[in-house]
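A.B. asks: Can you keep this structure in mind? I'll have questions shortly.
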Amino acid sequence: RLVAKAKGIVLGDPMAAGTQMGPLVSELQMRRVLSLVETAAPQGATLLCGGVRSSAAGCEAGWFVEPTVIGDVQPHFSCFQEEIFGPCVTLVGFADEAHALALANDSRFGLGAAVWTRDVARADRVAP
């Protein structure tokens with residue numbers, strides 16, 4: 001379902017009514033994002049969608065990267081350890097809540113995080 005949602009995101013001019021995602025801030029940032037995505041497959045991950053510069057109508061001359069979902073990611077992969085700062089999500093499996101929290105906290109970065117669950121009690125336990 002996540003891949004289908006990502007593929008359905010409408011790229012374009014951020015001022016246009018139907019646009020859901022605009023371009024990256026610069027060509028340099030677009031190249032950084034694409035470079036990190038390119039490290040995923042050689043390390044053993046699976047590119048499930050995106051991961052390329054968009055060729056959608058109206059996007060071909062801009063710094064647009066297609067929404068990207070990377071599966072089969074291991075915690076030591078570059079795409080998991082580095083802050084991509086682009087339209088990418090990495091999918092990493094976990095054994096239990098403790099393992100998930102250990103993965104989330106095993107980072108040299110201290111930015112934001114999110115818990116996606118239908119279980120409110122779980123959300124309260126792991127994200128107080």
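Since every read-out is calculated from the coordinates, none of them should be taken as a lab result. Please read these numbers as outputs of a predicted model, since none were measured by experiment.
A.B. asks: Quote the relative contact order of the chain in percent (integer), defining contacts as alpha-carbon pairs under 8 Å separated by 6+ residues.
C.D. replies: 19
A.B. asks: Quick query: amide H of residue 52 versus all other amide H atoms, modeled in the peptide plane; which residues come in under 5 Å with a sequence gap of 5 or more or a different chain?
C.D. replies: Amide H neighbours of residue 52, under 5 Å, 5+ apart: 66.
A.B. asks: In a GNM of the chain with a 10 Å cut-off on Cα contacts, which of 53, 108, 32 has the highest mean-square fluctuation?
C.D. replies: 108
A.B. asks: Bin width 5 Å, alpha-carbon pairs only: give the P(r) of the chain as whole percents, running from 0 to the bin holding the largest distance.
C.D. replies: 2, 10, 18, 19, 19, 15, 10, 5, 2, 0
A.B. asks: If you don't mind, there's one more thing I want to ask. Given H placed on each backbone N at 1.01 Å, which residues far from residue 92 in sequence or on other chains put an amide H within less than 5 Å of it?
C.D. replies: none
A.B. asks: Rounded to the nearest 500, what is the chain's calculated 222 nm mean residue ellipticity when only DSSP H runs of at least 4 contribute -39500 (n - 2.57) each, over all residues? Walk me through the numbers before you get to the answer.
C.D. replies: Working: 6 runs with 42 residues, N = 128.
The helix contribution divided over the chain gives -8000 deg cm²/dmol.
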